[in-house]
Structures are given as structure tokens and as C-alpha cells.
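K.L.:
My questions all concern the structure below.
The values are calculated or read from the model by the stated rules, or taken from the named source; none is laboratory data. This one's a predicted model, so the numbers in the text were calculated from it and none came from an experiment. Ideal geometry is used to build each Cβ from the backbone, glycine not excepted, and the neighbour counts take in all protein chains shown.
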Amino acid sequence: MLDWLWQKLGLDEASRQKKADLLHAIETVIDGCDGRLRLLPGYQQRLLPGTRRTLEYLAGLPWQRIAPLELSLRSFATDRRLGLLFSSPLSLLLCLKGSAPLQSFFLSASQGDEAWAIMSMSRSETVRFGMVEHNGEVRTDVAQQVVSFDQHRLIDPSATPEDLQQSTRHHGLTVLVAVIDRRIKLLQQMRLDLQTELEQLQLKLATFGQEGRVVIDATGGSGTLARLQPADAQTLRQREAEVQLQLQPLARLTELDGILDVVREVLEQPEGFFRVEAQTICLNRMGVLHDRVDADDVTALSYEQVILGQLQPISRVLMPVHVQRQHLQELEQQFAEELASLEQQQLQSGLF
């Protein structure tokens, strides 16, 4: 009976721990956005409902619904997906060697010889013209969509798939904090740009007389007087009204309360700023997009696409991967000469 009452009042150990986790998450958000927000009274209470909503949303994201991809020299011969993601085994090796988190993982004495990680990539598409066969007829100059992947990064190397799952969920909050910070900066820049445009419009309008004549040109340029039609002044006034309307919701960003409101809005609606979508595309060995797997050289490539933010959204492709220390050493042995040549080139470029 007493335990039920403590739980009802939120005084049991589990409830206290959950509250502590929420407060810690709030401080993580503040650290990543604007530490001055702590000056506002009651900032934690204002962010508490949104933080609870965000943590529940991140915990429910369907991460890693596909099997990890082995990153090794052997995989280039046995798994055609790897050839669609990297141009060559050497490019794979450069990715692994250039990953500071992976190198740090393998250098740690407490870690094992295997690492599970999330590989983040940027997907790009181009159109080229090539030949296709349709119903026994070869057609030339057919537009083809070519998909490629670059900007590979390894995130959160972990000793087990379970550790990676836990780390990924924690990493989600860090990513969302970066999204919030970016949104605040974009909105502030938008306000500055609109304010500058408004001042220029008002300055231009101030040069008009009652009959549409320019009294004095104070807007710069050639410095000569000019005559504009009355309709031009009307157009400027319409634009002035539009800019003023756009500035109204952005005026709050000049105060800490307004910035806190932006943070709160994102936390209360995380699904609008952090989305994970499972996708499967079909590509041939040249990266040409197909509607379905209907040929021997077409491979189905499954991944998770993360879309971050609303203003100028960022999209990244994510895949779970598996790396063994032995496989990394095999790649290094296979391309020892190429690595030495690249290191020499980097050394020479640093000297001149």
C-alpha cells in the first residue's frame, strides 16, 4: 500500500531516477543551444514536457532494422552492396583509416577486435544518358538516374550490437540539440536579413515625393537623381508590408524568452525536426536506379534515411556496419604502397 502511494506521488526510486534523467537531458539541451537560457526563471519547468516527449520519441525510433554490413576486402567480392557505397577497396580503407572514432576504439586496451558502428553517408543523384534494352530493342540516349554515396563517417563504434543500439539512442538527443541550435541561428539570420531589407525599402521610399519623384537618392549607387514611376513606389510599399509581416514572429528572437520558445517548440514536436525513414532502392553495378530487382546485375540496397530540421533540411543515409581489426589490417597490407604514396603526397603538400 505504501509503495503504491510513493509511486503515485512520484517519490519512489524509479520515478526519482526518471526525473533526474529528464533534468539532465534539459541541461544537455541548454549546453548545446545557449547557456544564457539558465538565467530565465523556471526554464526547466517550461522545457520539461517537451523533453519528456522528445526522449519518448527518440526511444521509439526504429533504428537498425537491417543487418550490419561487413566492411572488408572480402566483402567487395561477396557483397555487391559494398561496391555501390565505395568506389574501390582503397576508398574503403581511407574511410576506415580516416575515422578518428574507429582508430580510438581499436587503440583502447579495453576494447575487443570487433566494432559495430553506424556509417553515415551523403546520397547524391545525377542524370546521364545511356543505352537500355526494352523488349529486345536497344534504345540509346535514354535518361538514367545515377545514385552515389560520399562523405562517409563512422559514428559510435561499439563493442557489441547491443551497445551500439544504446549509444545510438543517446546520440539521437545530441543530434536533435544540434538541430535546435542550427534552427535558432537560421531564424536569427533570417531576421537580420529581413530587417536589413526593410531598412533599405524604407530608405528608398523616403526618396519619393508626392508625385512619385525622387527627392534625393539616399540609397547609394551612382549618386545621381532618378525618376521612378508611381507604380514602383506602390510595389515597394507592398514589399514593405510583406517584410514587416514576416518579421513579426521573428522579433521574439531578440530576447531569451523567444529563444527558449524555439527550443520548447522543437522539443514538443520532435517528429517534425528528426525523422527516420526506411528506404530500399535498386541499383545496378554502375549505380543506375531501377524500379525493381529484375536483372542479375541489379542489387537491392536498404538503409535508413535521417532528415533533420525544417529550414534548409539536412538528409543523411545511415547503415549499421561491422569492422574487424583483422580486416582492417588486411586492407592495409593490400594497399601498403598506395597508402605510402598518399602519405608522401600529404607530407609534400604540407611543406609547400
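K.L.:
May I ask you to verify whether E330 is farther than 30 Å from V177 by Cβ and of a type in the set (D, E)?
P.N.:
Values: farther than 30 Å from V177 by Cβ: yes; of a type in the set (D, E): yes.
So E330 passes the test.
K.L.:
Hey, among the residues in region 287-331 that are out of contact with any Asp or Glu (no Cβ under 6 Å at 6 or more places or on another chain) and of a type in the set (S, T, N, Q), which one's surrounded by the most Cβ atoms within 10 Å (Cβ to Cβ)? If you could, list the steps in order and put the result at the bottom.
P.N.:
So the first thing to find is which residues in region 287-331 are out of contact with any Asp or Glu (no Cβ under 6 Å at 6 or more places or on another chain), and the list is 287-304, 306-317, 319-321, 323, 326-331.
From what is left, the residues that are of a type in the set (S, T, N, Q) are 299, 302, 310, 312, 315, 326, 329.
On the way: T299: 18, S302: 14, Q310: 13, Q312: 9, S315: 13, Q326: 11, Q329: 10.
Ranking the candidates gives T299 first.
K.L.:
Right, next: Would you call A159 of a type in the set (A, V, I, L, M) and without any contact (Cβ under 8 Å) to a residue 60 or more places away in the chain?
P.N.:
Working: of a type in the set (A, V, I, L, M): yes; without any contact (Cβ under 8 Å) to a residue 60 or more places away in the chain: yes.
Yes: the conditions hold for A159.
K.L.:
OK, next. Please find, within region 68-97, the residue that is modelled with the lowest pLDDT out of those that are closer than 20 Å to H171 by Cβ and either of a type in the set (S, T, Y) or not in a helix (DSSP H, G or I) (or both).
P.N.:
So the residue we want is P68.
K.L.:
Filter region 4-40 for residues that are aromatic (F, W, Y) and at pLDDT 90 or above and give the result. First the steps, then the outcome.
P.N.:
Step one: list which residues in region 4-40 are aromatic (F, W, Y), which gives 4, 6.
Result: no residue meets the conditions.
K.L.:
Please pick out the residue among L260, L283 that is farther than 17 Å from Y57 by Cβ, at pLDDT below 95 and crowded, with 16+ Cβ neighbours inside 10 Å.
P.N.:
Values: L260 fails: at pLDDT below 95.
Answer to the check: L283.
K.L.:
How many of the residues making up region 32-62 are crowded, with 19+ Cβ neighbours inside 10 Å and under 26 Å from I155 (Cα atoms)?
P.N.:
5
K.L.:
Return the only residue of G309, G272, G258, G287 being farther than 30 Å from L47 by Cβ and of a type in the set (G, A, S). Spell out how you get there, then give the answer.
P.N.:
Values: G309 fails: farther than 30 Å from L47 by Cβ; G272 fails: farther than 30 Å from L47 by Cβ; G258 fails: farther than 30 Å from L47 by Cβ.
Checking each option against the conditions leaves just G287.
K.L.:
Would you mind telling me which numbered condition in (1) surrounded by 11 or more Cβ atoms within 10 Å (Cβ to Cβ); (2) polar (S, T, N, Q); (3) outside the structural domain of T126 (by TED's automatic domain parsing) Q346 fails?
P.N.:
Here Q346 meets the rest and fails (1).
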